[in-house]
Amino acid sequence: MPKKAEVVDARKRTPKGHFVVYVGSEMTRFVVPTCYLKSPVFQQLLEKAADEHGFGNKDGIVLPCEAFTFQRLISYLTNKS
């Protein structure tokens, strides 16, 4: 079962096997397991982020959705496994 994505303190390091995304107008930071990259839904969200922000975004990976919606996606992906 994959680990759940979580909101973490920005000063903490990203654990091995995870990556950071920023979500919503408040740029909430989530640490996400890399296994989520296999999900077609997550891939579509990343493609949408690339279309809106490009690949050279200095802020990191910024996903074009609100934190509440992203949390629902993460819940879905966690329960799906």
Among (1) assigned to a loop (DSSP other than H, G, I, E, B); (2) at pLDDT 90 or above - the single one residue 71 does not satisfy: (1)
Whichever residue in segment 22-51 is aliphatic (A, V, I, L, M) and in a helix (DSSP H, G or I) and, among such residues, is nearest to residue 76 (Cα to Cα): 41
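For (1) at pLDDT below 90; (2) surrounded by 11 or more Cβ atoms within 10 Å (Cβ to Cβ), each residue gets a yes or a no:
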position: 9; (1), (2): yes, no
position: 40; (1), (2): no, no
position: 58; (1), (2): yes, no
position: 63; (1), (2): no, yes
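I'd like the full set of residues that are of a type outside the set (A, V, I, L, M, F, W, C) and outside any helix (DSSP H, G or I), limited to segment 52-67.
Within segment 52-67, the first condition is being of a type outside the set (A, V, I, L, M, F, W, C), and the residues that meet it are 52-54, 56-60, 64, 66.
Once the filter is applied, which keeps residues that are of a type outside the set (A, V, I, L, M, F, W, C) and outside any helix (DSSP H, G or I), segment 52-67 yields 54, 56, 57, 58, 59, 60, 64, 66.
The values are calculated or read from the model by the stated rules, or taken from the named source; none is laboratory data. Everything numeric here is computed off the predicted structure, so don't read it as measured data. Note that we place each Cβ from the backbone using ideal geometry, even for glycine, and neighbour counts take in every protein chain shown.
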